[in-house]
Amino acid sequence: MDITSLGNSINLVWMLITGFLVMFMQAGFALVEVGMTRIKNANHTMLMNMMIYAIGILGFFLLGFGLMFGGVGALSTLGVDGAVLSREFTITLFGKSFGLFGLSGFALSGITSMGVIGFFLFQLVFMDTTATIPTGALAERWKWKAFVIYGFFVSAILYPIYGNWVWGGGWLSQLGASFGFGHGLVDFAGSSVVHMVGGVCAMAGAAVIGARIGKFKKDGTPVAIPGHNIPMAILGTFILAFGWFGFNPGSTLSGTDPRIAIIAVNTLLASATGAFAAMLYTWWQQGRPDPGMCANGMLAGLVAITAPCAFVTPLAALVIGVIAGFLVCVSVWFVEWVLKLDDPVGAISVHGANGLWGIISLGIFADGTYGDGLNGVKGMVTGLLYGDVSQFFAQLIGGLACFLFVFGLSFIFFKVQDMIMGIRVSPEDEVLGLDRAEMTSIAYPRDIM
Amino acid sequence: MDITSLGNSINLVWMLITGFLVMFMQAGFALVEVGMTRIKNANHTMLMNMMIYAIGILGFFLLGFGLMFGGVGALSTLGVDGAVLSREFTITLFGKSFGLFGLSGFALSGITSMGVIGFFLFQLVFMDTTATIPTGALAERWKWKAFVIYGFFVSAILYPIYGNWVWGGGWLSQLGASFGFGHGLVDFAGSSVVHMVGGVCAMAGAAVIGARIGKFKKDGTPVAIPGHNIPMAILGTFILAFGWFGFNPGSTLSGTDPRIAIIAVNTLLASATGAFAAMLYTWWQQGRPDPGMCANGMLAGLVAITAPCAFVTPLAALVIGVIAGFLVCVSVWFVEWVLKLDDPVGAISVHGANGLWGIISLGIFADGTYGDGLNGVKGMVTGLLYGDVSQFFAQLIGGLACFLFVFGLSFIFFKVQDMIMGIRVSPEDEVLGLDRAEMTSIAYPRDIM
Amino acid sequence: MDITSLGNSINLVWMLITGFLVMFMQAGFALVEVGMTRIKNANHTMLMNMMIYAIGILGFFLLGFGLMFGGVGALSTLGVDGAVLSREFTITLFGKSFGLFGLSGFALSGITSMGVIGFFLFQLVFMDTTATIPTGALAERWKWKAFVIYGFFVSAILYPIYGNWVWGGGWLSQLGASFGFGHGLVDFAGSSVVHMVGGVCAMAGAAVIGARIGKFKKDGTPVAIPGHNIPMAILGTFILAFGWFGFNPGSTLSGTDPRIAIIAVNTLLASATGAFAAMLYTWWQQGRPDPGMCANGMLAGLVAITAPCAFVTPLAALVIGVIAGFLVCVSVWFVEWVLKLDDPVGAISVHGANGLWGIISLGIFADGTYGDGLNGVKGMVTGLLYGDVSQFFAQLIGGLACFLFVFGLSFIFFKVQDMIMGIRVSPEDEVLGLDRAEMTSIAYPRDIM
């Protein structure tokens, strides 16, 4: 035992334990989604949330991890053998070489470093969050077989490629070093990489699969379809807020970086003001607080603070959360009334809209006290309010790239899949309920022998 | 990296992870309270438990933390800049100067030490436990608006002031150094600071708001109003017992203090005998075990061991838990039949009565093996059975001060608030259910489209 | 502070936090079992899961820990005073001395090492898993009083004795050093010690107590009795999968052993393929996925990987999980149709059959990269596929010993108890439901005042 290996141990322990907390968020997503949908689909929604975990593990292990982190430089700080993880597919743009995805490390082949193997687990549970987000937006009408195939698509291809661009050394992370846009796209724990990708994919899926029967009147007016168990959804929110303390502070990948303290505090503060703002908004709009929207407000605050949590002051975290809490309410209205999309749990608004707000808010509020050397750029990460407009533009470019790439690829995926096999259950099955139509059992059998 | 900073890292990691576990207890409280109340109020009770977290964060961040820890000496061991956190409001008593509350550190202003910022998170989630306790005792009749204001009162004023007296360097902690009462009031993880404050505040609130309609017959006989989901309440108890392993062992604030092991074991043992004693008591009294009281017995054991966990032997922990398990049963009877208070979840008995028992039990069983130098007093913390009667008196004074101060201030607060705005819903709303009266949605909508 | 004590701190922190995660699994078991049984017994099943925790703590503290770890050598690596923990009951077999159980350390007497006290907590929560497994198999018909006595039997006697043989320096662990069977029985985190013991004890109990009324038709055909809340059971599965990241990686007892990373990853992978295989199997067999069996498939994968997790490659983990997922499906069928046993939650198949598969799979797939010096045998642990057939035989002997000893002793215990006091409720009580017959309250009262 020497000091270096002790420090490595602290970091590995920290990365694993925070990774376990993130894994537990899967239970939170399951409860939120099941609670906010109807009894007749409860088993189907629950099982989607369980099996996306299993399917995602396979997809990310076999293909995704290699695409995301198999390229040059991504893992240099983790001490992995450079000869193993350094094959990358690149393009040349304006005379500069940019990474698009990695080409090594599939099925962990050739990797013997325990640090990298722990890192694989940590990254995998992040991917899992993205993968589960669309199961809320497409719930109550998604054909099981189509869902299973989607699970491989998102974990093996969609998430890893955008992830490579930001965290794997790919082109968005190089915008700074190559073109002077701040530190390139900076997203500390994944407002864009994890949440916006999930939310935008959910949006594309909801657009292709269409609204649930009865969701919109003939004149297009949306009809509320209440979930069957709101306390369950709020319990899920608690679990998510708990797991987020793994999500954000864990993203230092290091327990020896004292920054974990303020990351945790910022996460806490934004979750509070997000919930509080949503409470005030619904109180003002509807005359009384809306429990489901308060929960979504807390989640919105958490999503938004995920990118900037390491770079902003506590007061900025409060502001970011307040805006997130209002934004999610307005966005839910916008998605229903303007876009005419049916998103039973508000996934598009919570994760998509607030994921975008998260990376933008970093470009505004980053206070220039952290991030020296990030993405190969000297100096601290600094936002608009502290004088660096170029970082703000990097964030905008990153958000735009996320929307275009993820919406585009997801839309094509769902469309093609729909043409080949159909992604939506029959109207009869939908009315009957997916538990009876597609599962062997309903959620709450009541017969007593 | 050197040895000192590695040790600091271990401590910070420990403090944060155990703090996260304490935060998760909020979900446990929510489930216990919702499970032990009625369907028609389930959303209201659940949302109180969620929003108290958000409101409490704001109140404690803006005001409470500074009042509690802004004074002299509280944070000296955390390496905070003395110039920042050292303003204190004091009184002079018998020729000695005593702290009443701190006057710096509001909104974390001026604090740059990551250790202190992590400490803020740890203390905040403890406050949150106190704040949520009265939501159980006042459930099913509390006006939402009144509850929101209460949330700021408890997190910004009530909890921090008593907390300052014990943990912030205030007068109860100085009883030893100044007057020779042992080490002053010793409360390792908060039997009094957290639980008794919550339980006594709940008692004052229950006295002011009055019993639920139908709780007492005309002749004063109490009527059982069963909760709607007992398994949910027991799940909540599991979550609380899990989180308590953050609560107690985390209160070393140090992962490098090997005492964390016996603290965890004592916590475990007292929870077991608390539950076991309550099972035997209800079995004996009612002919069969009472699931709700077994859960309360486990919680009672946990509350009681919270103060003494670091200072007693495992055998003493067993005894403390046994007494707690019986005490909670007797206290529930006493509160209902003698005090004629309506406390739907037993919060007064679990947290108030057993919080008091916790600090007293320390004065009895502390075995003189730990606590050297605590509160500026040389030598180990030693209880009655090991020869130090003065420590026992310190504990009694602390308990008395807690009751008088917290009951007094809370009673005034609730009374004044009731006169100004009314803290109780109308009888019509109460009969209708608070979900329909004060929330936008009921908990379990059953309509299936 | 020096490097050695810092390393010890990291190890203690790791052991405690992972132990807390294992403790939380108790909530997972409770939810799985309550969800998979009927409304009328929900409180009874829930309370069994809570009280087995309390009872088990008492039994293991007073007697079990000393029997399991009080012998020679078990704790040598934890730095405990050899004079305290070194009394052992041994037999002589083929001229060699073999340990059967320890005879010191009861009620932690004489133990002052905080490392050992932390180890006690860690081992206790493992025992608790074993103890709770039969509550699923005997649910809905078990007399409360009989259950309480069982709780002491399993925690104080049954589990510790077999545990001593494998982890306490007893005869199965000595098969290698004394007779050349590899490293003796190797079971990293308890596929046999924890799960198979629980599953086989459940089997003996189910055989003695008999099937629930209505479970089998007169011609012996089994009838499905659906559980009342499948989402609850799946939530429980999530909690178990979460806690397993304490169970397996924590079993290094050391956060400074980098092997924790691959242990966690193998655990993850096997849980995924277990669930996936069960999904495919039920889809193929019944035309649609079975949510309950998918959950059991995930648990089966977790049980199976528990023994080999530290010794195999990720690809082997995938294979072990796949086989576990199929095995649990076939075993559930076998237990019902061939053995004619009634096991409401599938405990025999999940824990018994897959516990056996876990230790056998280690004997097949151990890749010779870990375990040097384990059980006093030089060299790495190596399985059949890597050339060491003797390790494979050690695993078979261990499995056989587990089945014979646990089934035998449990069967005798349940039979004798049944003759003395009856272990099954009356048919009237069973039809009425155990909540009304044996508890003070039902689970979901619906009366609204």
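The values are calculated or read from the model by the stated rules, or taken from the named source; none is laboratory data. In this text the structure is predicted, and so the values were computed from the model without any measurement. Here the Cβ is made from the backbone with ideal geometry for all residues, glycine too, and neighbour counts use every protein chain on show. Just so you know, the surface numbers come from the protein's heavy atoms only, side chains and all, with ligands and any DNA or RNA stripped out. Shrake-Rupley method; radii C 1.70, N 1.55, O 1.52, S 1.80 Å.
So, of the residues in the stretch C:30-46 that are within 18 Å of the chain's Cα centre (by Cα) and more than 10 Å from chain B (Cβ to nearest Cβ), which turns out to be nearest to C:Met293 (Cα to Cα)? Steps first, answer last, please.
Residues of the stretch C:30-46 that are within 18 Å of the chain's Cα centre (by Cα), as a first pass: C:30-33.
If we keep only those that are more than 10 Å from chain B (Cβ to nearest Cβ) as well, we get C:32-33.
Working: C:Val32: 12, C:Glu33: 13 Å.
The qualifying residue nearest to C:Met293 (Cα to Cα) is C:Val32.
Give the residues of the stretch B:188-238 that are part of a loop (DSSP other than H, G, I, E, B), among the β-branched types (Val, Ile, Thr) and in contact with a Phe, Trp or Tyr (Cβ under 9 Å, 6 or more places away or on another chain), sorted by residue number. Walk me through how you get there before you give the answer.
Step one: list which residues in the stretch B:188-238 are part of a loop (DSSP other than H, G, I, E, B), which gives B:188-190, B:210-215, B:217-221, B:223-229.
Now narrow it down to the ones that are among the β-branched types (Val, Ile, Thr): B:213, B:221, B:223, B:225.
Scanning the stretch B:188-238 gives B:Thr221, B:Val223.
Can you find, within the stretch B:163-187, the residue that is modelled with the lowest pLDDT among those that are under 21 Å from B:Met23 (Cβ atoms) and assigned to a helix (DSSP H, G or I)?
Top of the filtered list is B:Trp167.
Per-residue answers, yes or no, for (1) among the hydroxyl-bearing types (Ser, Thr, Tyr); (2) buried (at least 24 other Cβ atoms within 10 Å of the Cβ); (3) touching a residue at least 24 places away in the same chain (Cβ under 8 Å); (4) out of contact with any Asp or Glu (no Cβ under 7 Å at 6 or more places or on another chain):
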position: C:Trp337; (1), (2), (3), (4): no, no, yes, yes
position: C:Val345; (1), (2), (3), (4): no, yes, yes, no
position: C:Ile348; (1), (2), (3), (4): no, yes, yes, yes
position: C:Ala353; (1), (2), (3), (4): no, yes, yes, yes
position: C:Leu356; (1), (2), (3), (4): no, yes, yes, yes
position: C:Ile359; (1), (2), (3), (4): no, yes, yes, no
position: C:Phe365; (1), (2), (3), (4): no, no, yes, yes
position: C:Thr369; (1), (2), (3), (4): yes, no, yes, yes
position: C:Leu374; (1), (2), (3), (4): no, no, yes, yes
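Does B:Ser426 satisfy being among the polar types (S, T, N, Q) and either over 27 Å from B:Val148 (Cβ atoms) or open to solvent by less than 20 Å² (accessible area, probe 1.4 Å) (or both)? If you could, list the steps in order and put the result at the bottom.
Numbers: among the polar types (S, T, N, Q): yes; either over 27 Å from B:Val148 (Cβ atoms) or open to solvent by less than 20 Å² (accessible area, probe 1.4 Å) (or both): no.
So B:Ser426 fails the test.
Let me confirm something: among C:Asn49, C:Asn8, which residue is assigned to a helix (DSSP H, G or I), more than 7 Å from every other protein chain (Cβ to nearest Cβ), open to solvent by 10 Å² or more (accessible area, probe 1.4 Å) and polar (S, T, N, Q)?
Values: C:Asn49 fails: open to solvent by 10 Å² or more (accessible area, probe 1.4 Å).
Just a single option satisfies the conditions, and that option is C:Asn8.
Return yes when A:Met68 is within 29 Å of A:Phe98 (Cβ to Cβ), assigned to a helix (DSSP H, G or I), under 23 Å from the mean Cα position of the chain (by Cα) and more than 10 Å from chain C (Cβ to nearest Cβ) and no when it is not.
yes
Are any of the residues in the stretch C:21-41 open to solvent by less than 10 Å² (accessible area, probe 1.4 Å) and free of Cβ contacts under 8 Å to residues at least 12 places away in the same chain?
Within the stretch C:21-41 (the criterion being open to solvent by less than 10 Å² (accessible area, probe 1.4 Å) and free of Cβ contacts under 8 Å to residues at least 12 places away in the same chain), the answer is no, since none of the residues qualifies.
Being of a type in the set (Gly, Ala, Ser) and within 30 Å of B:Trp144 (Cβ to Cβ) narrows it down to one residue among B:Gly387, B:Gly408, B:Gly379, B:Gly399; which is it? It would help to see each step written out before you state the result.
Details: B:Gly387 fails: within 30 Å of B:Trp144 (Cβ to Cβ); B:Gly379 fails: within 30 Å of B:Trp144 (Cβ to Cβ); B:Gly399 fails: within 30 Å of B:Trp144 (Cβ to Cβ).
Answer to the check: B:Gly408.
Anything in the stretch C:100-143 that is of a type in the set (A, V, I, L, M) and either surrounded by fewer than 24 Cβ atoms within 10 Å (Cβ to Cβ) or within 10 Å of chain B (Cβ to nearest Cβ) (or both)? List them, or say none.
Selection gives C:Leu100, C:Leu103, C:Ala107, C:Leu108, C:Ile111, C:Met114, C:Val116, C:Ile117, C:Leu121, C:Leu124, C:Val125.
Using beta carbons and a limit of 8 Å, which pairs, at least six apart or on different chains, have the first residue in the stretch B:199-217 and more than 14 Å from B:Leu409 (Cβ to Cβ) and the second one in a helix (DSSP H, G or I) and acidic (Asp, Glu)?
B:Ile209/B:Asp418; B:Arg212/B:Glu430; B:Ile213/B:Glu430
Which numbered condition in (1) open to solvent by less than 60 Å² (accessible area, probe 1.4 Å); (2) within 20 Å of B:Pro289 (Cα to Cα); (3) more than 14 Å from every other protein chain (Cβ to nearest Cβ) is the only one that C:Ile397 fails?
Unmet for C:Ile397, out of (1) open to solvent by less than 60 Å² (accessible area, probe 1.4 Å); (2) within 20 Å of B:Pro289 (Cα to Cα); (3) more than 14 Å from every other protein chain (Cβ to nearest Cβ): (2).
What number of residues within the stretch B:249-271 are buried (at least 24 other Cβ atoms within 10 Å of the Cβ), within 14 Å of B:Val13 (Cβ to Cβ) and facing another protein chain (nearest Cβ under 7 Å)?
Going through the stretch B:249-271 one residue at a time, the tally reaches 3.
Looking at B:Ser97 and the list (1) open to solvent by 40 Å² or more (accessible area, probe 1.4 Å); (2) without any contact (Cβ under 8 Å) to a residue 24 or more places away in the chain; (3) in contact with a Leu (Cβ under 9 Å, 6 or more places away or on another chain), which single condition is not satisfied?
Among (1) open to solvent by 40 Å² or more (accessible area, probe 1.4 Å); (2) without any contact (Cβ under 8 Å) to a residue 24 or more places away in the chain; (3) in contact with a Leu (Cβ under 9 Å, 6 or more places away or on another chain), B:Ser97 violates only (3).
Return yes or no: is B:Phe153 at negative phi, away from chain A (no Cβ under 14 Å), in contact (Cβ under 8 Å) with a residue 60 or more places away in the chain and in contact with a Phe, Trp or Tyr (Cβ under 6 Å, 6 or more places away or on another chain)? Show your work before the answer.
Details: at negative phi: yes; away from chain A (no Cβ under 14 Å): yes; in contact (Cβ under 8 Å) with a residue 60 or more places away in the chain: yes; in contact with a Phe, Trp or Tyr (Cβ under 6 Å, 6 or more places away or on another chain): yes.
Answer is yes for this residue.
When you go through A:Thr267, A:Thr221 one by one, which is the residue that is among the hydroxyl-bearing types (Ser, Thr, Tyr) and either under 30 Å from C:Ile234 (Cα atoms) or touching a Leu at 6+ places or on another chain (Cβ under 7 Å) (or both)? Steps first, please.
Working: A:Thr221 fails: either under 30 Å from C:Ile234 (Cα atoms) or touching a Leu at 6+ places or on another chain (Cβ under 7 Å) (or both).
Unique residue meeting the criteria: A:Thr267.
Cβ-Cβ below 7 Å, separation at least six or inter-chain, first residue in the stretch B:1-17 and touching a residue at least 60 places away in the same chain (Cβ under 8 Å), second of a type in the set (S, T, N, Q) and in a helix (DSSP H, G or I): which pairs?
Once the first residue is touching a residue at least 60 places away in the same chain (Cβ under 8 Å) and sits in the stretch B:1-17, its partners that are of a type in the set (S, T, N, Q) and in a helix (DSSP H, G or I) give B:Ile10/C:Ser9.
Does B:Gly190 satisfy the condition of being open to solvent by 10 Å² or more (accessible area, probe 1.4 Å) and either within 29 Å of B:Phe94 (Cβ to Cβ) or of a type in the set (Asp, Glu) (or both)?
Values: open to solvent by 10 Å² or more (accessible area, probe 1.4 Å): no; either within 29 Å of B:Phe94 (Cβ to Cβ) or of a type in the set (Asp, Glu) (or both): yes.
In short, no.
Considering each residue of the stretch B:418-449, count those that are away from chain A (no Cβ under 14 Å) and over 21 Å from B:Ile213 (Cβ atoms), and give that number.
Quick first cut of the stretch B:418-449, residues away from chain A (no Cβ under 14 Å) only: B:418-424, B:426-428, B:430-431.
Subsequent filtering for residues that are over 21 Å from B:Ile213 (Cβ atoms) retains B:419-420.
Total meeting the criteria: 2.
Which ones in the stretch C:315-335 are open to solvent by less than 20 Å² (accessible area, probe 1.4 Å) and either closer than 15 Å to C:Ile263 by Cβ or not small (Gly, Ala, Ser) (or both)? Don't jump to the end; show me each part of the working.
In the first step, residues of the stretch C:315-335 are kept if they are open to solvent by less than 20 Å² (accessible area, probe 1.4 Å); the result is C:316-317, C:320-321, C:324-325, C:328-329, C:331, C:335.
Scanning the stretch C:315-335 gives C:Ala316, C:Ala317, C:Ile320, C:Gly321, C:Val328, C:Cys329, C:Val335.
Which condition does A:Gln417 not pass, out of (1) out of contact with any Ser or Thr (no Cβ under 7 Å at 6 or more places or on another chain); (2) over 14 Å from A:Lys145 (Cα atoms); (3) open to solvent by less than 70 Å² (accessible area, probe 1.4 Å), if it passes all the others?
(2)
In the stretch A:275-292, which residues are at the interface with chain B (Cβ under 8 Å from one of its Cβ atoms) and either crowded, with 21+ Cβ neighbours inside 10 Å or of a type in the set (A, V, I, L, M, F, W, C) (or both)? Step through it out loud before you land on a result.
Looking only at the stretch A:275-292, we keep the residues that are at the interface with chain B (Cβ under 8 Å from one of its Cβ atoms), and these are A:275-276, A:279, A:282, A:286, A:288-292.
Within the stretch A:275-292, A:Ala275, A:Phe276, A:Met279, A:Thr282, A:Pro289, A:Asp290, A:Pro291, A:Gly292 meet the criteria.
Residues are listed down the side, and each one gets a yes or a no for (1) over 23 Å from the mean Cα position of the chain (by Cα); (2) crowded, with 22+ Cβ neighbours inside 10 Å:
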residue	(1), (2)
C:Leu362	no, yes
C:Cys402	no, yes
C:Phe407	no, no
C:Ser410	no, yes
C:Leu432	yes, no
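A quick yes/no check of all residues on (1) within 22 Å of the chain's Cα centre (by Cα); (2) among the aromatic types (Phe, Trp, Tyr); (3) closer than 16 Å to B:Phe24 by Cβ:
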| residue | (1), (2), (3) |
| --- | --- |
| B:Ile213 | no, no, no |
| B:Lys218 | no, no, no |
| B:Ile225 | no, no, no |
| B:His228 | no, no, no |
| B:Ala233 | yes, no, no |
| B:Phe238 | yes, yes, yes |
| B:Leu253 | yes, no, no |
| B:Thr256 | no, no, no |
| B:Ile262 | yes, no, no |
